[in-house]
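Shown next, in structure tokens, is the structure this report addresses.
The values are calculated or read from the model by the stated rules, or taken from the named source; none is laboratory data. Treat the numbers as computed from the prediction; the structure is a model and nothing was measured. Positions of Cβ are backbone-derived with ideal geometry, glycine not excepted, and every protein chain shown enters the neighbour counts.
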Amino acid sequence: MVKDVIQKTKARMDKAVEDLRRELSGVRSGRASISLLDHITVEYYGTPTPLNQVATLSVPEPTLITAQPWDLSILPVIEKAIRSSDLGLNPGNDGKLIRIPIPPLTEERRKQLAKHVGKVLEDHRTAIRNIRRDENEVIKKMLKDKQVSEDEERKGLEEVQKLTDQYTAKVEELAKRKEEEILTV
């Protein structure tokens, strides 16, 4: 019974770590990366569609991303979507291809991005603590319903706490690495 709760806790905490990875990959660090454009959607035949589903994205140089749409009629739409995103990018359109130069980050922008990483980290720490709270309540309810002994409850709560500490350290390490990557000139 308690083992099931522990497995569920691990799975939920793994999802939190994976979500943090995905979110951090979208944060600019001065180098061109296709994942930078992951959250950009374009209006395609009346439907908001992720950019990577309407164009071929590539990184021919460390400071350039190119987007080659499969349907040339949406070139201006893609260009507008990239421009209006919060990434501060200025794409250029040559009629067949959109070139997105990645300008070097200013010191101020680096600090803003590092602060953003800190906020994202705190959100994920909170998510992990919420998972701990939920699973602890499940274990305590099992004791109350006499499904487990007090010893099993205590061991289960300790195990959930160990997992919480372990996963909190994981997300902190990921955020620390991303912050170093951002602040490195």
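Residues are listed down the side, and each one gets a yes or a no for (1) of a type in the set (D, E, K, R); (2) touching a Pro at 6+ places or on another chain (Cβ under 6 Å); (3) at positive phi:
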| site | (1), (2), (3) |
| --- | --- |
| 48 | no, no, no |
| 52 | no, no, no |
| 56 | no, no, no |
| 79 | yes, yes, no |
| 101 | no, no, no |
| 108 | yes, no, no |
| 111 | yes, no, no |
| 120 | no, no, no |
| 126 | no, no, no |
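Among what's in the stretch 30-69 and is touching a Lys or Arg at 6+ places or on another chain (Cβ under 7 Å) and not in a strand (DSSP E or B), pick the residue that is surrounded by the most Cβ atoms within 10 Å (Cβ to Cβ). Out of the qualifying residues, it is 36. Checking each residue of the stretch 120-128 against the condition of being under 30 Å from residue 64 (Cα atoms), in contact with a helix residue (DSSP H, G or I) (Cβ under 7 Å, 6 or more places away or on another chain) and in contact (Cβ under 8 Å) with a residue 24 or more places away in the chain gives at least one match.
Being free of Cβ contacts under 8 Å to residues at least 12 places away in the same chain and in contact with a His (Cβ under 9 Å, 6 or more places away or on another chain) is the filter here, so list the residues in the stretch 143-185 that pass it. Within the stretch 143-185, no residue meets the criteria. Take the residues in the stretch 16-67 that are of a type in the set (D, E, K, R) and in contact with a helix residue (DSSP H, G or I) (Cβ under 9 Å, 6 or more places away or on another chain), then tell me which one is modelled with the highest pLDDT. Out of the qualifying residues, it is 19.
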